[in-house]
Amino acid sequence: MSQMKQVFLGKSDLVLRLAAHRMLSMGTEAPEGSPVDLRRFHAALPGRRAIRLFMRYLQEFCGELGRSLLPPSCVTPGQLEELLTTRDLPLVTPAGEKISWLLALKSSPSEDLEPLGIDPDLSGTSGLLAMGKLFSRITTTLRTEGLNPGAAAHIAADRDQECALRLRALEKIENRRQGFLRDWDVSQSGFNHGSPTQTQAEVILIGLMELPKRTREWLAEHTRCEIWIDALEQDQHLYDEYGRPDPAEWENTLMPDPEHFLVTDTPQDLALAMIDHVSQIDEIKKTSDVRLGVADNDLMPWISETFRRNSMGLHLAAGQPYSLTACGRLITGIKDAISNETSGALVALARYPEILSWLPSRTDRQGKTINVIKDLDQWCRDRQPVLGDDPGAPPAVAALSSALAPLHRREDDFLQRLDQYIEVLSGLLGSDEEGMPNWPESGSETLVEILENLRSCGLWTACHLSGEELAHLIHELTTDAMLPEDDDGLSMEALGWLELPMDNAPHLILSGISEGRLSGSSNSDPLLPERLRRELDIPGFDARVARDSHHLYNLLDGRRKVSIALAARDAEGNPMLPSRLLLRGNNGIERLKTFLDHKHRILLTEKRPEQETENTDLADLGPPRWKSVLPPEKISVTAFGRWLTDPVLFQMETMLSLRDCHDRDRQLNPLSFGNMLHWVLEKYGKSETDRELKKAEEIYVAAENWLQEYAKRK
């Protein structure tokens with residue numbers, strides 16, 4: 001018998017405000033003026049942003065009551081297991097998960113890999129890591145639903161022999177991987193592997209629609225669990241016993257109409273239309289009054305660039321991709337250079353500012369120093385080398401190869417490989433007195449944390465990886481990371497599709513609700529096709545459509561003013577159609593007619609800056625503007641690749657001879673600054689004369705002298 005109680009919060013306010021009011025009413029009764037005690041509750045919400053907003057409402061409502069708050073423990077779904085269960089063995093880390101799949105695939109015979117279409121000789125490390133990521137997702141899905149690849153293969157054998165063979169092969173690889181985990185004394189994630197930390201803990205799930213079967217069953221058995229649903233009591237027939245949207249019921253549910261329906265031809269026009277639409281709404285007084293919802297990530301580059309060109313800030317709530325940071329680009333460059341040491345990979349690594357600053361240069365016949373980048377481009381254009389071992393290569397190529405050499409050594413012990421990776425970083429970036437690399441400004445904290453976690457684990461001492469495999473592993477561990485950005489309070493905030501239902505802005509502009517982009521494809525998984533998912537009772541395409549129907553219905557139910565903005569074509573010019581969910585309302589057919597009618601498409605032209613005068617103030621120059629110059633008669637392979645990546649930067653760097661202007665080289669990174677501070681304080685404290693000083697002026701002079709001494713030593 002399920003102990004999970006359903007609570008329908010209603011629609012009188014936004015969901016998190018209603019949830020905060022309800023939780024406060026459940027607090028422990030106490031005398032007037034004493035704190036509201038909610039410590040016995042464990043609340044799970046979809047994302048850290050929702051947790052912060054929920055806690056803000058709890059504090060705000062307690063303040064209105066004139067009472068303080070003893071808050072509940074609020075976690076994301078991924079943290080529930082750690083909060084509620086205890087284990088005899090530690091959980092496998094993300095790095096251990098990836099290493100176990102890599103080793104399992106490497107050690108598998110060809111007959112086990114052939115049904116899966118894997119050729120280790122052709123796939124390489126990056127291909128094996130990508131396949132491991134796919135297989136990890138599949139096996140985790142099966143495990144959390146109480147299944148395994150063998151059981152799925154048995155059911156699929158009657159109808160799809162090829163699918164059954166693939167699942168059997170996956171089962172063998174998974175068994176081999178489980179052997180590695182046992183050798184490392186770690187366990188898989190999953191509620192079924194742990195025992196409860198306390199009996200009948202009070203758990204509240206707010207807005208969670210996709211908990212796996214094993215999780216739901218464990219919570220129903222071991223906790224007093226409530227599911228708070230953003231819906232009216234009269235709509236309870238739309239949800240099953242675990243609070244999940246019922247696909248059969250939602251298929252016939254009509255959608256409310258949006259306030260406005262904007263249609264443009266291209267993504268660039270779409271961004272301009274959204275900017276214009278915001279400017280025309282008088283009720284929007286500040287940027288916090290409106291949110292931008294993006295259901296199609298392919299639109300983000302167009303939206304971000306158009307907002308920037310129109311001097312409008314855009315804050316991504318999910319954060320900045322780690323691959324775009326200075327440290328992320330460096331990790332990618334090292335991975336590419338270690339993999340094959342092609343001339344292109346080495347030249348790309350040489351363009352990194354901290355590396356370029358120390359690369360050796362050579363002189364021409366007149367004794368003039370040749371610019372390193374110009375020399376490398378000339379080498380690529382004239383000799384067109386494939387690898388970096390060309391005898392006519394500039395000295396910078398040999399210097400880079402020497403810096404990368406530690407990862408090419410034969411020692412493949414895991415901890416030794418980590419030391420070699422740090423040695424490569426020190427060779428490329430320089431090092432401090434302690435021998436640690438001079439980390440880049442942006443993103444270094446994430447890389448340092450990953451390296452420290454890998455070193456402190458201690459479970460993989462017997463694990464052997466090549467330098468290429470370690471470089472790919474570190475790249476894989478960082479490539480999906482998102483770094484939070486500071487919100488200046490003046491930028492419009494952009495949220496992903498699953499973050500929108502928990503938002504509190506009164507106005508919402510929703511973009512990307514196109515067919516095939518919202519709920520995904522019904523044929524996207526070759527190992528677990530949709531028909532097999534239905535037979536195994538695993539959520540699939542129908543469940544995603546029901547979930548998205550629930551979210552869209554709650555966004556359009558009148559509690560906020562929603563404008564839907566769609567582009568008729570994607571970034572590559574392919575025609576698009578509105579999502580079928582938008583056609584379910586009373587005016588769905590009219591919206592489709594509006595979308596297909598070219599006369600209703602918004603056509604806006606971006607305002608161009610006025611012609612500059614000679615006395616233009618430098619503060620008003622704004623971003624660089626295109627300048628018409630004669631096209632080059634010749635172009636190197638490297639320069640052509642640069643042009644394909646970014647034509648604007650190509651013209652600025654290659655044709656206009658502009659360079660990145662910054663003062664990063666004159667600044668100390670946090671680690672170097674801390675080392676300097678510790679050195680100065682240590683010398684000051686050991687000096688009997690200085691530590692007896694009492695006047696501020698004398699102390700300042702003494703500290704300044706030690707700083708000067710430190711600068712001389714450096």
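The values are calculated or read from the model by the stated rules, or taken from the named source; none is laboratory data. Please read all numbers here as calculations on a predicted model, not as lab measurements. A quick note on method: Cβ atoms are made from the backbone with ideal geometry, for glycine too, and the neighbour counts reach across all protein chains shown.
Those residues that are at pLDDT 90 or above and assigned to a loop (DSSP other than H, G, I, E, B), I need them from the range 578-596; list them, please. Within the range 578-596, just Ser579 meets the criteria. Out of Leu447, Leu451, one residue alone is in contact with a Phe, Trp or Tyr (Cβ under 8 Å, 6 or more places away or on another chain) and free of Cβ contacts under 8 Å to residues at least 40 places away in the same chain. It is Leu451. All of Val424, Val386, Val397 fail the test of being at pLDDT 85 or above and over 23 Å from Leu477 (Cβ atoms), apart from Val397. Being in contact with a strand residue (DSSP E or B) (Cβ under 9 Å, 6 or more places away or on another chain), under 30 Å from Leu105 (Cα atoms) and either among the acidic types (Asp, Glu) or not assigned by TED's automatic domain parsing to the domain that holds Asp375 (or both) holds for only one residue in Asp480, Asp486, and it is Asp480. Within the set Ser402, Ser442, Ser361, Ser426, the sole residue that is of a type outside the set (Val, Ile, Thr) and farther than 25 Å from Thr342 by Cβ turns out to be Ser442. Being of a type in the set (Val, Ile, Thr), outside the structural domain of Gly443 (by TED's automatic domain parsing) and at pLDDT 75 or above is true of Ile699.
Among residues of the range 353-392 being free of Cβ contacts under 8 Å to residues at least 40 places away in the same chain and touching a Leu at 6+ places or on another chain (Cβ under 9 Å), the one that is surrounded by the most Cβ atoms within 10 Å (Cβ to Cβ) is Val372. Only one entry in Ala231, Ala248 is under 15 Å from Leu552 (Cα atoms) and of a type in the set (Gly, Ala, Ser), namely Ala231. For the structure I just gave you, tell me whether Ser100 is in contact (Cβ under 8 Å) with a residue 40 or more places away in the chain and in contact with a Phe, Trp or Tyr (Cβ under 6 Å, 6 or more places away or on another chain). When the stated conditions are applied, Ser100 passes them. Does Gly146 count as small (Gly, Ala, Ser) and either in contact with a Cys (Cβ under 8 Å, 6 or more places away or on another chain) or in a helix (DSSP H, G or I) (or both)? No; evaluated as a whole, the condition is false for this residue. May I ask you to say which residue of Leu407, Leu418 is touching a Gly at 6+ places or on another chain (Cβ under 8 Å) and closer than 25 Å to Ile450 by Cβ? Checking each option against the conditions leaves just Leu407. With respect to the stated conditions, Lys98 is touching an Asp or Glu at 6+ places or on another chain (Cβ under 9 Å) and over 29 Å from Arg547 (Cα atoms). Among the residues examined, Ala104 qualifies as at pLDDT 90 or above and within 20 Å of Cys463 (Cβ to Cβ).
Checking each residue in the range 492-533 for being touching an Asp or Glu at 6+ places or on another chain (Cβ under 9 Å) and among the hydroxyl-bearing types (Ser, Thr, Tyr) picks out Ser511, Ser514, Ser519, Ser522, Ser524. Scanning the range 268-296 for residues that are loosely packed, with under 14 Cβ neighbours inside 10 Å and in contact (Cβ under 8 Å) with a residue 60 or more places away in the chain yields a total of 2.
Note on the range 38-91: among residues that are of a type in the set (Val, Ile, Thr) and at pLDDT 90 or above, the one that is nearest to Gln198 (Cα to Cα) is Val75.
Counting only helices (runs of 4 or more DSSP H) that sit completely within the range 8-106, those holding 3 or more residues that are small (Gly, Ala, Ser) and in the same structural domain as Leu238 (by TED's automatic domain parsing) correspond to 15-25.
Taking (1) within 20 Å of Ser519 (Cβ to Cβ); (2) at pLDDT 90 or above; (3) among the basic types (Lys, Arg); (4) over 27 Å from the mean Cα position of the chain (by Cα) in turn, Arg547 satisfies each apart from (4). The residue pairs whose first member lies in the range 669-684 and is on the phi < 0 side of the Ramachandran plot and surrounded by fewer than 16 Cβ atoms within 10 Å (Cβ to Cβ), whose second member is assigned to a helix (DSSP H, G or I) and of a type outside the set (Phe, Trp, Tyr), and whose beta carbons are closer than 7 Å, counting only pairs six or more residues apart or on different chains, do not exist in this structure.
Condition test on Glu499, is it under 30 Å from Asp282 (Cβ atoms) and at pLDDT below 90? Yes; evaluated as a whole, the condition is true for this residue.
Filtering the range 158-204 to residues that are among the charged types (D, E, K, R) and assigned to a loop (DSSP other than H, G, I, E, B) leaves Asp158, Arg159, Asp160, Asp185. Of all the criteria given as (1) more than 29 Å from the chain's Cα centre (by Cα); (2) more than 27 Å from Asp542 (Cα to Cα); (3) among the hydrophobic types (A, V, I, L, M, F, W, C), the one not satisfied by Ala151 is (2).
With respect to the stated conditions, Ser442 is outside any helix (DSSP H, G or I), of a type in the set (Ser, Thr, Tyr) and surrounded by fewer than 20 Cβ atoms within 10 Å (Cβ to Cβ).
All conditions but one from (1) in the same structural domain as Glu476 (by TED's automatic domain parsing); (2) farther than 26 Å from Trp439 by Cα; (3) not charged (D, E, K, R) apply to Gly333; the one that does not is (2). Checked against the criterion of being under 28 Å from Ser563 (Cα atoms) and modelled with pLDDT of 85 or more, the candidates Asp298, Asp336 yield just one match: Asp298. On inspection, Leu122 fails the criterion of being closer than 28 Å to Tyr242 by Cβ and either modelled with pLDDT of 85 or more or not assigned by TED's automatic domain parsing to the domain that holds Arg39 (or both). Quickly run through the range 399-411 and pick out the residues that are loosely packed, with under 14 Cβ neighbours inside 10 Å and under 12 Å from Leu346 (Cα atoms). Of everything in the range 399-411, just one residue is loosely packed, with under 14 Cβ neighbours inside 10 Å and under 12 Å from Leu346 (Cα atoms), namely Ser402.
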